[in-house]
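Please read the structure below before turning to the comments.
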Amino acid sequence: MEASFYHAKTRYPGIFGWIFTTDHKRVGLLYLFSTLSFFAVGVSLGLTMRLELIRSGMHFYSAQTYNAIFTLHGVIMIFLFIIPGIPSSLGNFIMPLQIGARDVAFPKINILSWGLFIMGGAIAVTSLFTGGGPPDTGWTFYVPYSIRTGTNISLAVFGVFLIGLSSTLTGMNFLTTIHRLRAPGMTWKRMTLFTWSIYATSWIQLLATPVLAITLLLIIIERNFGVGFFDPAKGGDPILFEHMFWIYSHPAVYIMILPAMGTVTDIIPVFTRRNIFGYSFIAASSLAIAFVGYLVWGHHMFTSGMSDTARIIFSLLTFIVAVPSGIKVFNWIASLYKGSIRMNAPLLYTLAFIFLFSIGGLTGLVQGALATAVHVHGTYFIVGHFHYVMFGGAGFGFFAGLHYWFPKITGKLYEEHLAKLACFFLFIGFNMLYFSMFVLGWEGMPRRYYDYLPRFNGPNLVATIGSWILAMGLIIMFYNLIHSLFAGNKAGDNPWEAASLEWQTTSPPPVENFATQPVVTKGPYEFR
Amino acid sequence: MEENASHHVATKTFVFVWIALLCLTGLTIKAAQMQMGEWSMVANIAIASVKASLVLWFFMHLKYEKRLFKLLLFVPIMTISIIIVLTFFDIWYR
Amino acid sequence: MNETAHIEHRDYAAAKLGMWLFLFTEILLFGGMFLVYAEYRQLNTAAFHEAGREMNIFIGAANTVILLTSSLTMALAISAIKKGMKIRSLLFQAATVLLGLGFLVNKYFEWSDHIRKGLYPDSPVLLAMSHGKILFFGLYYVMTGIHALHVIIGLSVIIFMFALTLRGNISDTDYVKLENTGLFWHIVDIIWIYLFPLFYLIL
C-alpha cells in the first residue's frame, strides 16, 4: 500500500512542503486551518459584542470601537470564513477525489489562490493598526460614508479585493477540473451532488466576484483621486454603489450556502442507506439557485430610495428563490423517509442544518415581501435571519461535512458521544442567541448600535447567555476533533460504508489519490 | 489527442477580417458624425458588437472550437445583460 | 515525442478552457464599469455629449486601427508557430509588441494633453464644470486607464512569450501558452472596440 500524502516526500522540507505544495489535499488543509483560525477570531469578536449588549448602557466599548468590531466581525466571517469555508477547504480536498482526478486542473494556481487569500487577510488585518484606524463602515462599505470616513478603508478594501481574486481563481480552477478531469465512466449524472454544488458555486465565484472587484477598486480610486463616481457632491449616485455591491454580494450568499447544501445531500443517503430522492432535481436546483441568485439583489435595497418599479420587480423575483430551495428541502426529507437511519453525528448536524435553514429561509420570505421588509429593515430581525441562513445553514453544513469527512482526511475516528453532545449545545445555544433577535427585531430594535433602550433588556440577556452555550458547543466540538486527530481510533478506509468515489481509496489518500485509475460504473449513492 | 487537432486558418482569412474591421471602424465614425441623436449611440454599439463578434469568431478561433466554448460564452454575456437591464428598472423609473 | 510533451498535450483543452473562463471574469470586470457608464450617461446625456466633443477623434481612431492591426499580427504569429515557422512567428510577435507600445505612446500624449488643459479628476477646472462632465472625465480616465493597464500586462506577457519562443519552449508541438496570450490580447482589443464609441464618438 502506498503511503498517505502526509508522509509523502515533498519538494521542500518541513513547513515549506505545505506552503509551496501543489497537492490539492494539502491546499485544502491549508485553507481549512486558515479559515478556522479566522473563524475563531470572528467568534471571539461576536462574543465580546454580545457581552457589550448584555443589557442597556455602555459597558466595555465606546461607540466607535463597537462600530469597528462589528465591521471586523462581518468582514472576517463573510470574506475570510464562510465564502472560502466549504468550497476552498472541503471542496479542494474532496471534490477531485469524488470525480476520480489526481489533482485539480491547475495545481499551481490553486496554491496561488491560497497565497492571495492569506495576503488579503493579512492586509485586511494590517488595516486595523495603521492609517486612520480600523474601518467602521460595516462589511458593506456603503458610500458616501466609506469615501468620507477617515478610517483605513482603502487598505481594508484592497485586502478584500485580493481575497476576491483568490475566490475567482478557485472558481475557474474547479470549473476546469470538473469539465476536464473526470475519471472514465464518471458521467455528469454519476457525479456526487456535493460536486454538483461546487460546480454551481464555482460559476458564481467566477462571474459575480469580478463585479465586486471593480466596485472595490472604484472605492479606492474615488478615495485617492477624488474621481466622483459615488459622491453626490460630484454628481455620483450612492445607490449605484449599493446596486453594484449587491450584484456581487447577493450571489455570494449562494456561494456560502450552496456547498453546505451539497454537503448534507452527500451525507443523507449514506446514513439512511438508500439512494437520494430526486437526484436530477437536486442537481438542477443547484444550478437554478446559482442563476436566480443574479436576479434578486435589489431586495437588500428596499429602503434605499430605489424606484418603486424596481422594488416590486425585485420583490417578485425574490420569491422565485424559494422554489429551488424548497425542492432541495423536500427531497432531503423524502430521502429520509423509510430509510434505515443511523443517527451518527454527521446526520445529526445535517438535521440541525435542515431545521435551522428552514427557519432562515422562511423568515427570508418576510423580508422578500416588500411591505413587511420595510417594517423590519435595519432591525435585529435581519440579523437573526442571516445568522440562521449563514451560521445555521452554511456553518452547520460545514460542521456536518467536517465530521463526515474527518475519517477521510485524517484516517482517524472522532469520539461519537462528544460530537453529539457538542451538536446539542450548539443547537440550543444557537436558537437562544438568534431566535431572540427575531423577537427583538420585530419589536423594533435597530441593528448596528452599541446600546439600546432598557425595554429590550430581556431577550438581549437570553441572546447573550445563548452565545455562551453556543461557544461551549464550539469548544467541545473542536476539542473532540483536535484530540481525535492525535488520539482517535483508526478509522479504516470507509467507516461509513459510503458508495461515492472518495471513499474507495485509502484514508488518508496517497499523493496521487488512487493507486490505479478508477473506472466508474455506478452512481454515487447506490449501496446495493 | 483529437482535441489537439487544431485548425489551420489561412492568412488570407485573417487579412480579410482585418480589412472588414477597419471598414467598420470607418463606418462607426461616419455614423457618429451624422448626429442622429440617440440612434448614433445605438448604431455605434451595434457596429462595435459586430466588430467584437468578428474578433471572437475568427481571431479568437471560436469558429473552430468545440460547441462547449460557444455555449459557455453565452453565460457571461447573459449575466452582464441581466445585471444592466435590472439596474435600469431602477434608473428609468426613479 | 518525449514524455513531458505528452502530459502537456493532454492538458491542452483544460488550459484553453481555463483561459476562456478567465476571460469571462474580464468581461464582467469591465461590464461593471460599463454599467456605471450606462447609468451616468442616461442621467446626464447632454453633458456627456458636450464632454465627448472635447475628445480627439483622430487619436481614438488611430489607436483603434493600431489595436486591430496588433490583433491581426497576434493571430498571424499563432498560425505561423502552428505551421512551425518560428522566425515568422517571432517577427509577428515583435510587431504586436511595437503596435501595443504605439498605442500606449498615443495614450500618453492624449492624457497629457487633457491634463495640460486642467481636465483631470478633482482638478479645479473640472470641478467648476457640470456634474455630467465630472463623471464623463472620471469614467474616461478610469476606464481607459484600467484598459491601458491590461495593455501593459498583455505586452509584458507577449515579451515573455517571445523569449519562450526564442528558446524553443513554444513550438509547433506546444503552443497553447502563446494561444492563451493571444486570447487575452484579443479580449483587450474587444474592450477597446467598445470604449472607442463610448468616449470618442459621442458627439
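The values are calculated or read from the model by the stated rules, or taken from the named source; none is laboratory data. In this text, all values refer to a predicted model and were calculated from it rather than measured experimentally. So basically every Cβ, Gly included, is an ideal-geometry build from the backbone, and we count neighbours across all protein chains shown.
Taken over segment A:168-209, the residue count meeting the criterion of being farther than 21 Å from C:Ala15 by Cβ and at the interface with chain C (Cβ under 7 Å from one of its Cβ atoms) is 0.
So which residues in segment C:188-197 are of a type outside the set (Phe, Trp, Tyr) and more than 8 Å from chain B (Cβ to nearest Cβ)? Within segment C:188-197, C:Val188, C:Ile191, C:Leu195 meet the criteria.
Each row is one residue, and each column tells you yes or no for (1) in contact (Cβ under 8 Å) with a residue 60 or more places away in the chain; (2) crowded, with 22+ Cβ neighbours inside 10 Å; (3) within 14 Å of chain C (Cβ to nearest Cβ); (4) closer than 23 Å to A:Thr130 by Cα.
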| position | (1), (2), (3), (4) |
| --- | --- |
| A:Asn67 | yes, no, no, yes |
| A:Thr71 | yes, yes, no, yes |
| A:Met77 | yes, yes, no, yes |
| A:Leu80 | yes, yes, no, yes |
| A:Leu90 | yes, yes, no, no |
| A:Gln98 | yes, yes, no, no |
| A:Asp103 | yes, no, yes, no |
| A:Asn110 | yes, yes, yes, no |
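Residues checked against (1) farther than 24 Å from A:Gly236 by Cα; (2) within 12 Å of another protein chain (Cβ to nearest Cβ):
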position: C:Ser130; (1), (2): no, yes
position: C:Phe136; (1), (2): no, yes
position: C:Leu139; (1), (2): no, yes
position: C:Val142; (1), (2): no, yes
position: C:Leu149; (1), (2): yes, yes
position: C:Gly154; (1), (2): yes, no
position: C:Ile158; (1), (2): yes, no
position: C:Arg167; (1), (2): yes, no
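Among the criteria (1) in contact (Cβ under 8 Å) with a residue 24 or more places away in the chain; (2) of a type in the set (Phe, Trp, Tyr); (3) surrounded by fewer than 16 Cβ atoms within 10 Å (Cβ to Cβ), the one A:Phe60 does not fulfil is (1).
If the condition is being surrounded by 15 or more Cβ atoms within 10 Å (Cβ to Cβ) and within 19 Å of C:Asn63 (Cα to Cα), then segment B:6-19 contributes B:Val17, B:Trp18. Looking across A:Ala283, A:Ala322, A:Ala334, A:Ala233, one residue alone is surrounded by fewer than 24 Cβ atoms within 10 Å (Cβ to Cβ) and within 14 Å of chain C (Cβ to nearest Cβ). It is A:Ala233.
I'd like to know if segment A:445-461 contains one or more residues that are more than 29 Å from A:Val270 (Cα to Cα), outside any helix (DSSP H, G or I), modelled with pLDDT under 95 and basic (Lys, Arg). Yes, there is a match, as at least one residue in segment A:445-461 is more than 29 Å from A:Val270 (Cα to Cα), outside any helix (DSSP H, G or I), modelled with pLDDT under 95 and basic (Lys, Arg).
Could you say whether any residue in segment A:289-296 is at pLDDT below 95, surrounded by fewer than 21 Cβ atoms within 10 Å (Cβ to Cβ) and farther than 28 Å from A:Ile78 by Cα? The answer is no; no qualifying residue exists.
In segment B:73-87, what residues are within 11 Å of chain A (Cβ to nearest Cβ) and either surrounded by fewer than 17 Cβ atoms within 10 Å (Cβ to Cβ) or among the β-branched types (Val, Ile, Thr) (or both)?
B:Val75, B:Ile77, B:Met78, B:Thr79, B:Ile80, B:Ser81, B:Ile82, B:Ile83, B:Ile84, B:Val85, B:Thr87
Report the residue count in segment A:144-167 for those that are within 14 Å of chain C (Cβ to nearest Cβ) and at pLDDT 95 or above. So the answer is 5.
From the list C:Glu110, C:Glu54, C:Glu26, the one residue that fits, being outside any helix (DSSP H, G or I) and under 18 Å from C:Phe196 (Cα atoms), is C:Glu54. When segment B:58-72 is examined, which residues are found to be more than 7 Å from chain C (Cβ to nearest Cβ), part of a helix (DSSP H, G or I) and in contact (Cβ under 8 Å) with a residue 24 or more places away in the chain? Within segment B:58-72, B:Phe58, B:Tyr64 qualify. Among the residues making up segment A:280-308, a single one is assigned to a loop (DSSP other than H, G, I, E, B), without any contact (Cβ under 8 Å) to a residue 40 or more places away in the chain and of a type outside the set (A, V, I, L, M): A:Ser307.
Being more than 19 Å from C:Tyr200 (Cα to Cα), more than 10 Å from chain A (Cβ to nearest Cβ) and either without any contact (Cβ under 8 Å) to a residue 12 or more places away in the chain or in a helix (DSSP H, G or I) (or both) is a description that does not apply to C:Ala62. Only a single criterion out of (1) surrounded by fewer than 24 Cβ atoms within 10 Å (Cβ to Cβ); (2) under 26 Å from the mean Cα position of the chain (by Cα); (3) among the polar types (S, T, N, Q); (4) more than 22 Å from A:His299 (Cβ to Cβ) is not satisfied by A:Thr187, namely (2). Candidates A:Thr140, A:Thr151: the one that is among the hydroxyl-bearing types (Ser, Thr, Tyr) and either touching a helix residue (DSSP H, G or I) at 6+ places or on another chain (Cβ under 7 Å) or in a helix (DSSP H, G or I) (or both) is A:Thr140.
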